[in-house]
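A.B. asks: Take a look at this one; I'll ask things after.
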Amino acid sequence: MSIFRKKTALGTEAFRTHWKKIHAPIAMRIPGLQRYEQNVVVGRFASNASSGQEKAMVIDGICKLLFPDPSAMQGVFSPEMKQQLMDDEAKFIEALRTFVVDQEVVVSAAEKPLTKIVAFVTRGPGVGACDFTMRWKRDRATWAATVPGLEGYTQNFVTSRTIERGEATYEQVPIDCIDEIWVGDRSPHTMRDAIDRLHARAGALEASVYSFIVDVHVPTRVEVGVQP
């Protein structure tokens, strides 16, 4: 999963068009890629975040690349493929942060139109990584059952991270888990309620959260002109 901001000089529609129409065909040529998902940020909410985190979490896009298994990720980015991606990224995005994650589906999302929320979770000071992971996993099933209209919930625990494709430390990018939440009711009240519940639960576990409402686009190979 990757997060980034659009180029400052680039308008919102120009950014979205470039990502969907120009960058997607390049990304879809990555060997072994099972699914490529673009999440365009349309709303954001913060909870218990420091000013440093707030600056870091001003983002416009969240990209998700799925591979069939961890071994499929090894060596898929040839020097040529990396260069193509980097050359095009330089035209429309900046502040790229990338995460390798372990995914755990808590509630499978239904196959119908849904509203998606992506939440970036940072454990609090003094909370160990293992303790946070155990508590976050254990607490989620209970929490998910209390959210009206929740149609899907997936946890993505971060195992490694990069900045502009270079290795980064936890201190540089302090994100422990990326939650994906789907709700069936698109009303602002329902989305706000789901976000408030997530933030309240995070506070109880001594964590801070940045949540983003996103529009999801999943390009197909036919759509972008890439041969299967």
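The values are calculated or read from the model by the stated rules, or taken from the named source; none is laboratory data. All of these numbers come straight from a predicted model, not from anything done at the bench. Positions of Cβ are generated from backbone atoms using ideal geometry, with glycine treated the same way; all protein chains shown enter the neighbour counts. Each accessible area value is taken on the protein alone, full model and side chains, heavy atoms only, with ligands, DNA and RNA left out. Shrake-Rupley method; radii C 1.70, N 1.55, O 1.52, S 1.80 Å.
A.B. asks: Can you tell me the alpha carbon radius of gyration of the stretch 70-112 divided by the globular rule-of-thumb value 2.2 N^0.38 Å? Could you put the intermediate results ahead of the total?
C.D. replies: Values: Rg = 15.3 Å, N = 43, 2.2 N^0.38 = 9.2 Å.
The reported ratio for this selection is 1.66.
A.B. asks: I need the Debye-formula profile for the chain: one equal scatterer per C-alpha, no solvent, reported as log10 I(q)/I(0) at q = 0.13, 0.16, 0.18 1/Å, two decimals.
C.D. replies: The computed values of log10 I(q)/I(0) come out as -0.79, -1.22, -1.53.
A.B. asks: So, by mean Cβ neighbours within 10 angstrom, what's the order for 166-178, 29-41 with the highest one leading?
C.D. replies: Numbers: 166-178: 15.0, 29-41: 16.5.
Per-residue mean Cβ counts within 10 Å order the peptides as 29-41, 166-178.
A.B. asks: Over the stretch 53-202, average the accessible area per residue using a 1.4 Å probe and give it in Å², no decimals. Intermediate values should be presented prior to the final figure.
C.D. replies: Numbers: 7460 Å² over 150 residues.
For the stretch 53-202, the per-residue accessible area is 50 Å².
A.B. asks: Which entries in the list K7/K82; K7/K116; K21/K112; K21/K64; K20/K91 go over 22 Å, if you measure between the two C-alpha atoms of each? Display every interim value, and only then the final one.
C.D. replies: Values: K7/K82 20 Å; K7/K116 24 Å; K21/K112 24 Å; K21/K64 17 Å; K20/K91 13 Å.
K7/K116; K21/K112, as the Cα separations exceed 22 Å there.
A.B. asks: With charges only on Cβ, +1 for K and R and -1 for D and E, what is the dipole size of the chain about its Cα centre, in debye, rounded to 20? Provide the component values of the computation, followed by the final result.
C.D. replies: Numbers: 28 positive and 28 negative charges, 62 e Å.
Charge dipole of the chain: 300 debye, to the nearest 20.
A.B. asks: I've got another one for you. Express the carbon and sulfur contribution to the solvent-accessible surface of the chain as a percent, rounded to the nearest whole number, probe 1.4 angstrom.
C.D. replies: Details: 6010 of 11310 Å².
With neighbouring chains kept in place, the figure for the chain is 53 percent.
A.B. asks: Here's a follow-up. Sort 153-160, 135-142 for me by packing, meaning the mean count of neighbouring Cβ atoms within 10 Å per residue, highest on top. Display every interim value, and only then the final one.
C.D. replies: Values: 153-160: 18.1, 135-142: 14.5.
Per-residue Cβ counts within 10 Å, averaged per peptide and sorted highest first, yield 153-160, 135-142.
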